[in-house]
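First comes the structure, then the notes that go with it.
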Amino acid sequence: MPKDGPVRLALLGAGVVGGGVARILAEKHDAYARQLGRPLELAGAVVRDASKPRPNIDASLIATDATRLIDDPDVDIVVEVIGGEQPALDLISRALSAGKYVVTANKEGM
């Protein structure tokens, strides 16, 4: 992870849990910046239905192509909150192979 500029985070899923993560990132933006020594920034959120309103996420950050965000060299951390075994396992594996830090809330036996 680069040592300057914001730490960029991609959300895989923006339902109840992902929306909550986005809300907390926004609410605690200043506290996280102080703790990390630089801002923590939402780079994008992958959803199945881009037409659905996401009150905690800027519409310009909504995407339906997970691989685009995972492969983005400016994304440092991938947070998987889509649940289920697939496509979560494939996306987590791809993110790890791309050298990303991964956080998952998935409870499926992987």
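The values are calculated or read from the model by the stated rules, or taken from the named source; none is laboratory data. Predicted model only: the values in this text are computed from it and were never measured. Glycine gets a Cβ as well: all are built from the backbone with ideal geometry, and neighbour counts include every protein chain shown. Ligands, DNA and RNA are stripped out before the accessible areas are found, and what is left, the full protein with its side chains, is counted by its heavy atoms. Shrake-Rupley method; radii C 1.70, N 1.55, O 1.52, S 1.80 Å.
Please report, as a whole percent, how much of the solvent-accessible surface of the stretch 8-110 comes from carbon and sulfur atoms (probe radius 1.4 Å). Could the numbers behind the result be given before it?
Numbers: 3120 of 5980 Å².
Here it works out to 52 percent.
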inquiry  = Can you tell me which lysines have their Cα less than 30 Å from the Cα of Lys107? Leave out same-chain residues fewer than eight positions away.
reply    = Lys28, Lys52
Label-zone membership for the stretch 45-71, site Asp90, 7 angstrom Cα→C-beta point, backbone N under 12 Å = 66-67
key: Spacing of the two label points (7 Å from each Cα toward its C-beta) at Arg48 and Ala31, in nm   = 3.3 nm
task = With a 1.4 Å probe and all protein chains in place, put Val21, Val79 in order of accessible area, largest first.
result = Val21, Val79
request  = Could you run the Debye sum over the Cα atoms of the stretch 26-110, one equal point scatterer each and no solvent, and tell me log10 of I(q)/I(0) at q = 0.10, 0.14, 0.16, 0.19 Å⁻¹, two decimals?
outcome  = -0.27, -0.54, -0.71, -0.97
remark   = Distance in nm between Ala105 and Lys3 label points, each 7 Å along Cα→Cβ, equals 3.4 nm
note = the stretch 49-110 accessible area per residue, 1.4 Å probe, protein heavy atoms, integer Å², reads 61 Å²
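With an 8 Å Cα cut-off and a minimum separation of 6 or more residues, compute the relative contact order for the chain in percent.
Details: 179 pairs, mean separation 32.9, N = 110.
Here the relative contact order equals 30 percent.
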